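Participant: Shown below is the structure under consideration.
The values are calculated or read from the model by the stated rules, or taken from the named source; none is laboratory data. The shown structure was predicted, so the numbers you read here are calculated from the model rather than taken from an experiment. As a convention, Cβ positions derive from the backbone with ideal geometry for all residues, glycine included, and neighbour counts pool all protein chains shown. Each accessible area value is taken on the protein alone, full model and side chains, heavy atoms only, with ligands, DNA and RNA left out. Shrake-Rupley method; radii C 1.70, N 1.55, O 1.52, S 1.80 Å.
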Amino acid sequence: MNVIELRGLRKKFGDFTAVDGLDITVRKGDIYGFLGPNGAGKSTTIRMMLSLIRPTEGTVRLFGEPLAEHREALLSRIGAIVERPDFYNYLTAYRNLEMLGRLSRADVSRANIMRLLGVVGLDTRAMSKVKTFSHGMKQRLGIAQALLHNPDLIVLDEPTTGLDPQGMVDIRELILDLSRTHCKTIFLSSHILPEVELTATRMVIINKGKAIVEGAVQDLLNAGRMKVTIDVAEPELATASIQRTPFASRIVGNAEGAIVLLLERAEIANLVQHLSSEGIAIHSVVPVRSLEEYFLDLTRIPS
Amino acid sequence: MILTVLRVELTKVFSKWRTIIGFLVIAVIVPVVIVAMKVEGMRFFQYSTQALQDAFTFTGNLMNGYTISYIILGMLYIHVPFLTTLVAGDILAGEATAGTYRVLLTRPVSRFSVVTAKWMASMVYANLLVLLMAILSIVIGLLVLGTGELLVVRSQIVILAQDDIIWRLASAYAFAALSMSTVAAIAFLFSSLVENAIGPIMTTMGIIIVLTILSSIDTPLFDPLRKVAFTSHMIGWRFFFDQVVDWSRVSTSALVLVGHIVVCFIATQFIMHRKDILT
C-alpha cells in the first residue's frame with residue numbers, strides 16, 4: 001500500500017518554481033529519506049503534503065485518498081515536525097502537548113502526556129514554560145507532539161537539528177523503533193546524510209524542485225563507481241602492476257600502503273584476481289561510497 | 001469539534017500577558033476615575049454645566065453612580081478599542097510571528113473551525129472587557145457615589161429618573177459590546193493579512209481615528225461616509241439616554257455594526273482558506 005503518492009506536484013511563487021513536477025511514492029513501513037540541498041524544495045513539498053500550502057498543479061494522495069478532499073481524516077493519521085520546532089512559548093511543555101493533543105483527538109491524559117515527554121527525555125521539564133527551552137529541547141518536544149495521536153505516518157523535517165550527539169543517537173533509535181516495532185511509515189527530510197544512510201530504507205534526492213534519483217538506499221549507493229581502498233603488502237609493486245591494466249586510469253590516490261581506485265562493483269573481483277595472479281599479498285579491500293559523496297555527486301551536476 | 005478548538009483558543013488568549021493587561025487597565029482606570037469624581041466630581045459637574053448655571057438650579061446627588069457609569073462609557077470609548085485590538089490583532093498574526101501555524105494547521109481540524117474559534121475567542125475577549133467595565137463602573141460607582149438622577153447634557157438637557165436608568169445603562173453597555181466586537185472583527189481581518197501583530201493594531205486604530213475625524217467634520221461631502229462608517233455608528237449607545245429612545249436609529253446603527261462584523265468574518269475566512277503558510 002502506498003502511504004504517500006505525489007504526482008506532478010508543482011508550486012510556483014510568482015515566477016519562481018519551488019517544486020517542479022515532483023513524483024514520489026512512499027510505501028507502508030518505509031523509512032523514506034528526503035534529501036536535497038538548501039532551496040531544493042523539500043520544505044515546500046512537505047508543506048504541500050500537510051496542506052499548509054496549496055499546490056499550483058498536481059496531486060497529493062495519502063493512504064490512497066486525495067488530500068484535498070479528505071484533509072481532516074488524513075491529517076488525523078499524520079504526525080509532523082515542519083522545519084523549526086515552534087510552540088506557544090508562554091505555555092508549559094505539558095500544556096502545549098495537552099492543547100495540541102485535544103486538536104488531534106489524542107489521549108490527553110496526564111499519564112499519556114508524561115509518557116511521551118519521557119520518551120523524548122523531557123519529563124522532568126514538563127511544567128517549564130517552553131520559552132526556557134533550548135533549541136534541542138524544543139526539537140524533542142516537536143517529536144513528542146508528532147507522536148501524540150499515535151499516527152501511522154510520521155513526517156520529520158530535520159528532526160535532529162540542534163541536538164547533541166547523544167540526542168541524535170536517541171532520535172535515530174526512536175525512528176528505527178517506530179518503524180520496526182510499531183510499523184510506522186517515516187518520511188525523513190534531513191541534511192545530516194549519515195543519519196539518512198543509517199536509518200532510511202528508500203530515498204529520493206531532489207534539486208531545484210525535481211527528483212534526481214529515487215530508490216532503495218543501498219541500491220543507489222552500490223550503483224556506479226565507488227571508492228575502493230586496497231591495502232597491499234607491496235604498494236609500489238601493486239601500483240606498477242595496476243598501471244599495466246585497463247584500471248590504470250582509475251587510481252585516484254595512495255595512502256600508507258593502500259591504493260585508492262574508482263571502480264564499479266563488478267570490477268573489484270577482476271582487480272583482486274589480477275593482483276593475486278601477480279603474487280601481490282592483499283590485506284584488505286574496502287569499498288566505500290557514502291551517501292554524502294553520492295549526494296554531492298548528484299547535486300553538483302547542473303540540472 | 002469547534003468547541004474543542006474554542007477551548008484551546010481561549011486557553012491561549014487568557015494565558016497571554018497582553019490579555020491580562022487589558023483587564024488590569026480597566027480594573028485600575030475605572031476605580032481611579034470613580035475616586036477622582038468622588039473628590040473632584042462637583043467641580044467637574046459645575047464646569048460641564050457652566051453655560052446652564054444662570055438659567056437652571058441643580059439640586060440632588062447628580063454626581064452619582066449612574067452618572068459616573070455614563071461618563072466612563074464615554075471616556076473609555078477610544079481606549080477600549082485599543083485594548084481590543086491588542087488581542088484581536090494578534091490572534092492570527094501572532095501564530096505567524098511565532099511560527100505556530102505549522103503545529104496548529106497540521107491538526108485534523110478544518111481551517112474554517114480554527115478561524116471561527118479564533119474569531120469567537122476575540123469576541124469573548126472584547127465583550128468581557130466591556131462587561132468588566134460595566135460591572136466595575138456601575139457597582140463601584142453606586143457604592144462610592146450612591147444613586148440619583150442622571151443628567152445628560154448634549155444638544156438638549158435630559159434628566160432621567162432613578163428607576164429609568166439601569167435598563168438604559170445596561171442597553172448602552174450592550175451596544176458598546178457590539179461596537180467593540182466590530183473593532184475586534186476589523187482587527188481580526190487585518191490580522192489574517194500580515195505576519196506581525198503590530199500591523200493590525202496600528203491599522204485598526206488608524207482607521208478608527210481617521211474615520212472619527214472625517215465623520216465629525218460637518219460637511220455634506222462626508223454624509224455618505226457617515227452613513228456607512230462604523231465609527232459613526234459606534235456612538236449609537238448615546239441614543240439610549242435620549243428622553244424617548246429612537247429605536248429606528250438604534251437598530252440602524254446596530255445593523256451597520258453587525259454588517260461590518262459579518263463582512264469581516266467572511267473576508268477573513270476567505271483569506272485564511274486560500275493562505276499559504278510560509279512562516
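Participant: Answer yes if at least one residue in the stretch B:48-64 is in a helix (DSSP H, G or I) and modelled with pLDDT of 85 or more, and no otherwise. Write out each step before concluding.
Facilitator: First pass over the stretch B:48-64, keeping only residues in a helix (DSSP H, G or I): B:48, B:50-52.
Narrowing the set further to residues that are modelled with pLDDT of 85 or more leaves none.
No, there is no match, as no residue in the stretch B:48-64 is in a helix (DSSP H, G or I) and modelled with pLDDT of 85 or more.
Participant: Say we look at the stretch B:65-114 and pick out the residues that are among the aromatic types (Phe, Trp, Tyr), part of a helix (DSSP H, G or I) and away from every other protein chain (no Cβ under 14 Å); which of these is nearest to B:ALA267 (Cα to Cα)? Before the answer, list the steps.
Facilitator: Here is the first cut: in the stretch B:65-114, the ones among the aromatic types (Phe, Trp, Tyr) are B:66, B:70, B:77, B:82, B:101, B:112.
Filter once more, so that each one left must be part of a helix (DSSP H, G or I): B:66, B:70, B:82, B:101, B:112.
Narrowing the set further to residues that are away from every other protein chain (no Cβ under 14 Å) leaves B:66, B:70, B:82.
On the way: B:TYR66: 39, B:TYR70: 35, B:PHE82: 22 Å.
The qualifying residue nearest to B:ALA267 (Cα to Cα) is B:PHE82.
Participant: Do we find a residue being in contact with a strand residue (DSSP E or B) (Cβ under 8 Å, 6 or more places away or on another chain) and in contact (Cβ under 8 Å) with a residue 60 or more places away in the chain anywhere in the stretch A:54-62?
Facilitator: Yes.
Participant: Further question on the same structure: Which one is farthest from the chain's Cα centre (by Cα), of the residues in the stretch B:1-13 that are farther than 17 Å from B:ALA98 by Cβ and open to solvent by 20 Å² or more (accessible area, probe 1.4 Å)?
Facilitator: First, the residues of the stretch B:1-13 that are farther than 17 Å from B:ALA98 by Cβ: B:1-7, B:10.
Then drop every residue that is not open to solvent by 20 Å² or more (accessible area, probe 1.4 Å), which leaves B:1-4, B:6-7, B:10.
Details: B:MET1: 29, B:ILE2: 25, B:LEU3: 25, B:THR4: 27, B:LEU6: 22, B:ARG7: 23, B:LEU10: 19 Å.
Among them, the one singled out is B:MET1.
Conditions tested, residue by residue: (1) more than 17 Å from B:ALA126 (Cα to Cα); (2) crowded, with 20+ Cβ neighbours inside 10 Å.
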| residue | (1), (2) |
| --- | --- |
| B:TRP167 | yes, no |
| B:SER179 | no, yes |
| B:LEU189 | no, yes |
| B:SER192 | yes, yes |
| B:THR212 | yes, no |
| B:LEU225 | yes, no |
| B:VAL228 | yes, no |
| B:SER232 | yes, no |
| B:ARG238 | yes, no |
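Participant: Follow-up. Would you check if there is a residue in the stretch A:154-169 being of a type outside the set (Phe, Trp, Tyr), closer than 23 Å to A:GLY64 by Cβ, modelled with pLDDT of 90 or more and open to solvent by 10 Å² or more (accessible area, probe 1.4 Å)? First the steps, then the outcome.
Facilitator: Applying the first criterion (of a type outside the set (Phe, Trp, Tyr)) to the stretch A:154-169 yields A:154-169.
This time we only want the ones that are closer than 23 Å to A:GLY64 by Cβ, so: A:154-156.
Now drop any that are not modelled with pLDDT of 90 or more, which leaves A:154-156.
Within this subset, residues satisfying the condition of being open to solvent by 10 Å² or more (accessible area, probe 1.4 Å) are none.
The answer is no, given that none of the residues of the stretch A:154-169 is of a type outside the set (Phe, Trp, Tyr), closer than 23 Å to A:GLY64 by Cβ, modelled with pLDDT of 90 or more and open to solvent by 10 Å² or more (accessible area, probe 1.4 Å).
Participant: Please determine, by comparing only the residues of the stretch A:86-98 that are touching a Ser or Thr at 6+ places or on another chain (Cβ under 8 Å) and more than 7 Å from chain B (Cβ to nearest Cβ), which one is least open to solvent (accessible area, probe 1.4 Å).
Facilitator: So, considering only residues that are touching a Ser or Thr at 6+ places or on another chain (Cβ under 8 Å) and more than 7 Å from chain B (Cβ to nearest Cβ), the one least open to solvent (accessible area, probe 1.4 Å) is A:ALA93.
Participant: Can you name every one of the helices (runs of 4 or more DSSP H) wholly within the stretch B:164-263 that holds 3 or more residues which are farther than 19 Å from B:ARG154 by Cα?
Facilitator: On the way: elements: B:166-193, B:198-216, B:223-228, B:230-234.
In the stretch B:164-263, B:166-193, B:198-216, B:223-228 are the helices (runs of 4 or more DSSP H) which contain 3 or more residues that are farther than 19 Å from B:ARG154 by Cα.
Participant: Ok, one more. Restricting attention to the stretch A:217-234, which residues are within 15 Å of the chain's Cα centre (by Cα) and surrounded by 14 or more Cβ atoms within 10 Å (Cβ to Cβ)? Show your work before the answer.
Facilitator: First pass over the stretch A:217-234, keeping only residues within 15 Å of the chain's Cα centre (by Cα): A:217-218, A:220-221.
Hits for the stretch A:217-234 are A:VAL217, A:LEU220, A:LEU221.
Participant: Here are B:ILE217, B:ILE208: which of them is more than 14 Å from every other protein chain (Cβ to nearest Cβ), open to solvent by less than 30 Å² (accessible area, probe 1.4 Å) and out of contact with any Leu (no Cβ under 9 Å at 6 or more places or on another chain)?
Facilitator: B:ILE208
Participant: Can you name the number of the only condition in (1) out of contact with any strand residue (DSSP E or B) (no Cβ under 7 Å at 6 or more places or on another chain); (2) at pLDDT below 90 that A:ASN150 fails?
Facilitator: (2)
Participant: Check whether at least one residue in the stretch B:252-265 is hydroxyl-bearing (Ser, Thr, Tyr), free of Cβ contacts under 8 Å to residues at least 12 places away in the same chain, more than 30 Å from A:THR45 (Cβ to Cβ) and open to solvent by 40 Å² or more (accessible area, probe 1.4 Å), and report yes or no. Break it down stepwise before answering.
Facilitator: We begin by selecting, within the stretch B:252-265, every residue hydroxyl-bearing (Ser, Thr, Tyr); these are B:252-253.
Now narrow it down to the ones that are free of Cβ contacts under 8 Å to residues at least 12 places away in the same chain: none.
Taking every residue of the stretch B:252-265 in turn, none turns out to be hydroxyl-bearing (Ser, Thr, Tyr), free of Cβ contacts under 8 Å to residues at least 12 places away in the same chain, more than 30 Å from A:THR45 (Cβ to Cβ) and open to solvent by 40 Å² or more (accessible area, probe 1.4 Å).
Participant: Please specify each residue of the stretch B:15-24 satisfying the condition of being away from chain A (no Cβ under 11 Å) and either surrounded by 15 or more Cβ atoms within 10 Å (Cβ to Cβ) or not hydrophobic (A, V, I, L, M, F, W, C) (or both).
Facilitator: Once the filter is applied, which keeps residues that are away from chain A (no Cβ under 11 Å) and either surrounded by 15 or more Cβ atoms within 10 Å (Cβ to Cβ) or not hydrophobic (A, V, I, L, M, F, W, C) (or both), the stretch B:15-24 yields B:GLY22, B:PHE23.
Participant: Shifting gears a bit: Which count do you get for residues in the stretch A:263-285 that are open to solvent by 40 Å² or more (accessible area, probe 1.4 Å), modelled with pLDDT of 85 or more, over 8 Å from A:ILE230 (Cβ atoms) and within 32 Å of the chain's Cα centre (by Cα)?
Facilitator: Number satisfying all stated conditions: 1.
Participant: Check A:VAL82, A:VAL60 and return the single one that is closer than 30 Å to B:LEU3 by Cα, under 25 Å from the mean Cα position of the chain (by Cα) and at pLDDT 95 or above. First the steps, then the outcome.
Facilitator: Numbers: A:VAL82 fails: at pLDDT 95 or above.
After ruling out the rest, the residue left standing is A:VAL60.
Participant: Among the residues of the stretch A:37-85, which ones are at positive phi and either more than 12 Å from every other protein chain (Cβ to nearest Cβ) or open to solvent by 50 Å² or more (accessible area, probe 1.4 Å) (or both)?
Facilitator: Start the filter on the stretch A:37-85 by keeping residues that are at positive phi, which leaves A:39, A:41, A:51, A:58, A:63-64, A:83.
Within the stretch A:37-85, A:GLY39, A:GLY41, A:GLY58, A:PHE63, A:GLY64, A:GLU83 qualify.
Participant: Another question, if that's okay. Counting only residues that are free of Cβ contacts under 8 Å to residues at least 40 places away in the same chain and facing chain B (nearest Cβ under 9 Å), which one in the stretch A:99-129 is surrounded by the fewest Cβ atoms within 10 Å (Cβ to Cβ)?
Facilitator: Top of the filtered list is A:ARG102.
Participant: Got at least one residue in the stretch B:141-157 being open to solvent by less than 60 Å² (accessible area, probe 1.4 Å), touching a residue at least 60 places away in the same chain (Cβ under 8 Å) and assigned to a loop (DSSP other than H, G, I, E, B)?
Facilitator: yes
Participant: While we're on this one: Count, please, the residues in the stretch B:36-59 that happen to be of a type in the set (Phe, Trp, Tyr) and under 27 Å from the mean Cα position of the chain (by Cα). Steps first, please.
Facilitator: Narrowing the stretch B:36-59 to residues of a type in the set (Phe, Trp, Tyr): B:44-45, B:47, B:56, B:58.
Now drop any that are not under 27 Å from the mean Cα position of the chain (by Cα), which leaves B:44-45.
Residues meeting the conditions: 2.
Participant: Moving on. Filter the stretch B:247-279 for residues that are within 14 Å of chain A (Cβ to nearest Cβ) and of a type in the set (D, E, K, R) and give the result. Break it down stepwise before answering.
Facilitator: Of all residues in the stretch B:247-279, those within 14 Å of chain A (Cβ to nearest Cβ) come to B:270-279.
Matches in the stretch B:247-279: B:ARG274, B:LYS275, B:ASP276.
Participant: Let me spell it out: the conditions are (1) hydrophobic (A, V, I, L, M, F, W, C); (2) touching a residue at least 24 places away in the same chain (Cβ under 8 Å); (3) under 30 Å from A:VAL82 (Cβ atoms), and B:ILE34 meets all of them except one. Which number is the exception?
Facilitator: Just one mismatch for B:ILE34, condition (3).
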